[in-house]
Amino acid sequence: MSDDSIFEHALQRLDEAAKHLNVDQDVIEKLKFPRETTKVRLMIRMDDGSRKSFVGWRCRYDDTRGPTKGGIRYHPDASSAEVETLAFWMTFKCAVMGLPYGGGKGAVQVNPRELSKAELERLSRAYIQAFARIIGPDRDIPAPDVYTNSMVMGWMADEYSQIVGQAEPAVITGKPIALGGSLGRGDATARGGYYLVRHLADELGLGQEMRVAVQGFGNAGQHIARLMVADGHRIVAVSDSHGAVASDAGLDVDKLIAAKDAGGSVVDTVGHDGHALLPAEELPGVGCDLFVPAALENMIDARNAPWLKAKVVLELANGPLTPEADQILAANGVVVLPDILANAGGVTVSYFEWVQNRHGYYWPLEEVHVRLRTIMEREGRAIWNISREKEIPMRTAAYVHALGRLAEAIEAHGTQAFFMS
């Protein structure tokens with residue numbers, strides 16, 4: 001898929017939502033384009049003494065509802081269009097959850113597996129040196145994303161504090177607990193999705209014992225598997241970048257996670273406890289009740305969507321379904337719980353971290369979980385009701401819900417009708 005088509009697909013969601021609301025054209029015009037996208041060249045010293053450069057970006061898409069918020073990913077295929085698309089999604093995700101944020105995103109075009117730990121730290125600090133004037137606790141707040149983690153966020157927060165000459169923990173979320181991170185941030189993306197599925201289980205036709213397939217076994221994939229198993233459900237198939245494993249009797253999630261922690265793959269568990277090798281491309285065809293895409297964008301498209309047998313799709317990845325896949329699944333009666341709702345637990349607990357940093361008072365884990373569950377259930381129920389009332393898919397309903405909030409904020413500055421009256 002071309003870079004341009006990624007962003008065009010995102011704008012299709014906006015256009016579809018606008019059909020169901022009486023929104024001023026000024027709102028659509030403002031949301032069609034990012035506020036600012038900055039591209040830099042990061043030059044770092046490698047361990048062998050040579051110098052190497054990497055392209056980096058930061059996009060602040062829209063800040064009408066508050067400072068922009070969004071992760072930083074390290075990936076060899078990162079691009080400007082991808083960053084802008086992710087920032088667009090974050091704009092709507094924050095509005096869906098009622099958070100006082102706009103959407104942002106950042107990336108570095110790099111394969112982090114090819115860097116030493118020292119090189120990774122130098123790259124992370126170089127990123128903040130380049131973007132220190134753009135980010136800030138009241139302007140733009142980064143967080144972890146693909147192939148970045150709490151350690152990387154700790155380096156970045158430290159670099160920013162050194163640049164501004166004072167501690168500013170609220171500039172970055174997803175930090176280590178010892179450096180101002182929030183309890184509950186590690187599994188927040190998966191936990192939010194878990195709370196959503198549990199809250200709407202009856203409406204979705206999901207039973208007491210679900211068969212679950214997970215595509216992608218990084219942070220979100222591992223945590224959703226753990227949460228589902230603890231709740232009495234079976235993980236029947238899992239994939240990562242090296243392949244997939246399946247067992248109708250249920251996979252041993254602890255063994256899968258141990259294999260990943262050891263630097264290996266889920267396929268390293270084949271032959272243990274009934275784990276059978278499965279071609280990764282066949283994962284969507286596994287018989288299950290809940291299918292969880294937790295990898296990268298556009299993993300389910302017109303080619304493999306017809307194979308998907310699940311009743312419900314829980315999008316823990318950003319943009320895992322193409323618009324064509326959406327149409328196919330809707331025609332097949334599959335309910336999709338969309339990314340801007342389903343994986344919004346991460347940004348919600350990031351917001352909690354930012355609030356705690358600003359106040360210097362930190363909440364116990366139970367309070368984080370209760371607050372997250374309350375918001376996920378409230379917004380999930382509101383979107384479910386919109387979907388039923390307007391007879392539209394959950395994705396469109398989520399965009400309608402978010403667009404209503406964004407429109408209210410944008411229109412509060414005045415529209416053409418106001419200035420012409």
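The values are calculated or read from the model by the stated rules, or taken from the named source; none is laboratory data. Worth saying up front: this structure is predicted, and the values here are computed from it rather than measured. Glycine gets a Cβ as well: all are built from the backbone with ideal geometry, and neighbour counts include every protein chain shown.
Selection of strands (runs of 3 or more DSSP E) fully inside the stretch 1-107 by the criterion of at least 3 residues being buried (at least 20 other Cβ atoms within 10 Å of the Cβ) returns 51-62, 68-75.
Okay, residues lined up against (1) part of a loop (DSSP other than H, G, I, E, B); (2) over 24 Å from the mean Cα position of the chain (by Cα):
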| position | (1), (2) |
| --- | --- |
| TRP155 | no, no |
| GLY181 | yes, no |
| GLY193 | no, no |
| LEU196 | no, no |
| VAL229 | no, no |
| VAL238 | no, no |
| ALA244 | no, no |
| LYS255 | no, yes |
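Counting only residues that are surrounded by fewer than 21 Cβ atoms within 10 Å (Cβ to Cβ) and on the phi < 0 side of the Ramachandran plot, the stretch 385-397 holds 8 of them.
If you check ARG358, ARG303 for being in a helix (DSSP H, G or I), basic (Lys, Arg) and over 21 Å from the mean Cα position of the chain (by Cα), only one passes: ARG358. Residues in the stretch 336-373 that are β-branched (Val, Ile, Thr) and crowded, with 21+ Cβ neighbours inside 10 Å: VAL336, ILE340, VAL347, THR348, VAL349, VAL368. Name the single residue, out of those in the stretch 374-395 being in contact with a helix residue (DSSP H, G or I) (Cβ under 7 Å, 6 or more places away or on another chain) and within 16 Å of CYS94 (Cα to Cα), that is modelled with the lowest pLDDT. Step by step, filter the stretch 374-395, then rank; the result is ARG395. Within the group ARG133, ARG122, ARG113, which residue is modelled with pLDDT under 95 and out of contact with any Ser or Thr (no Cβ under 8 Å at 6 or more places or on another chain)? Sole residue among the options that is modelled with pLDDT under 95 and out of contact with any Ser or Thr (no Cβ under 8 Å at 6 or more places or on another chain): ARG113. When the stretch 171-225 is filtered for residues that are under 13 Å from ILE235 (Cβ atoms), in contact with a Gly (Cβ under 8 Å, 6 or more places away or on another chain) and of a type in the set (S, T, N, Q), only GLN215 remains. Here ASP261 qualifies as out of contact with any His (no Cβ under 8 Å at 6 or more places or on another chain), outside the structural domain of ILE72 (by TED's automatic domain parsing), acidic (Asp, Glu) and without any contact (Cβ under 8 Å) to a residue 24 or more places away in the chain.
Figure legend. Inter-residue proximity from the stretch 351-368: first residues closer than 15 Å to ALA157 by Cβ, second residues hydroxyl-bearing (Ser, Thr, Tyr), beta-carbon distance below 6 Å, spacing 6+ or different chains. Indicated pairs: GLU353/THR173; GLU353/SER182; TRP354/THR173; GLN356/SER182; GLN356/TYR362. Just a yes or no: is a residue in the stretch 76-83 more than 21 Å from SER5 (Cα to Cα) and modelled with pLDDT of 95 or more? No, that holds for no residue.
Matching residues to (1) within 14 Å of SER350 (Cα to Cα); (2) over 20 Å from the mean Cα position of the chain (by Cα):
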{"residue": "THR85", "(1), (2)": "no, no"}
{"residue": "CYS94", "(1), (2)": "yes, no"}
{"residue": "GLN109", "(1), (2)": "no, no"}
{"residue": "GLU114", "(1), (2)": "no, yes"}
{"residue": "LYS117", "(1), (2)": "no, yes"}
{"residue": "ILE135", "(1), (2)": "no, no"}
{"residue": "ALA143", "(1), (2)": "yes, no"}
{"residue": "ASN149", "(1), (2)": "yes, no"}
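Restricting attention to the stretch 379-401, the residues that are more than 17 Å from ALA190 (Cα to Cα), touching a residue at least 12 places away in the same chain (Cβ under 8 Å) and not hydrophobic (A, V, I, L, M, F, W, C) add up to 7. With respect to HIS199, determine if the residue is farther than 25 Å from ALA302 by Cβ and either without any contact (Cβ under 8 Å) to a residue 24 or more places away in the chain or surrounded by fewer than 21 Cβ atoms within 10 Å (Cβ to Cβ) (or both). Yes: the conditions hold for HIS199. Evaluation of LEU283 against the conditions (1) touching a strand residue (DSSP E or B) at 6+ places or on another chain (Cβ under 6 Å); (2) of a type outside the set (D, E, K, R); (3) assigned to a helix (DSSP H, G or I); (4) without any contact (Cβ under 8 Å) to a residue 40 or more places away in the chain shows that the sole unmet condition is (4). Would you say ASP48 is more than 23 Å from THR173 (Cα to Cα), over 17 Å from the mean Cα position of the chain (by Cα) and without any contact (Cβ under 8 Å) to a residue 12 or more places away in the chain? Spelling it out, ASP48 is indeed more than 23 Å from THR173 (Cα to Cα), over 17 Å from the mean Cα position of the chain (by Cα) and without any contact (Cβ under 8 Å) to a residue 12 or more places away in the chain. A search for C-beta distances below 9 Å between a residue of the stretch 403-418 that is at pLDDT 90 or above and among the β-branched types (Val, Ile, Thr) and any residue that is surrounded by 16 or more Cβ atoms within 10 Å (Cβ to Cβ) and part of a helix (DSSP H, G or I), counting only pairs 6+ apart in sequence or on different chains, returns ILE410/ASP26; ILE410/VAL27; ILE410/LYS30; ILE410/LEU31. Checking the structure you have, find out if any residue of the stretch 298-311 is among the hydrophobic types (A, V, I, L, M, F, W, C), in contact with a Ser or Thr (Cβ under 8 Å, 6 or more places away or on another chain), surrounded by fewer than 21 Cβ atoms within 10 Å (Cβ to Cβ) and assigned by TED's automatic domain parsing to the domain that holds MET210. There is at least one residue in the stretch 298-311 that is among the hydrophobic types (A, V, I, L, M, F, W, C), in contact with a Ser or Thr (Cβ under 8 Å, 6 or more places away or on another chain), surrounded by fewer than 21 Cβ atoms within 10 Å (Cβ to Cβ) and assigned by TED's automatic domain parsing to the domain that holds MET210.
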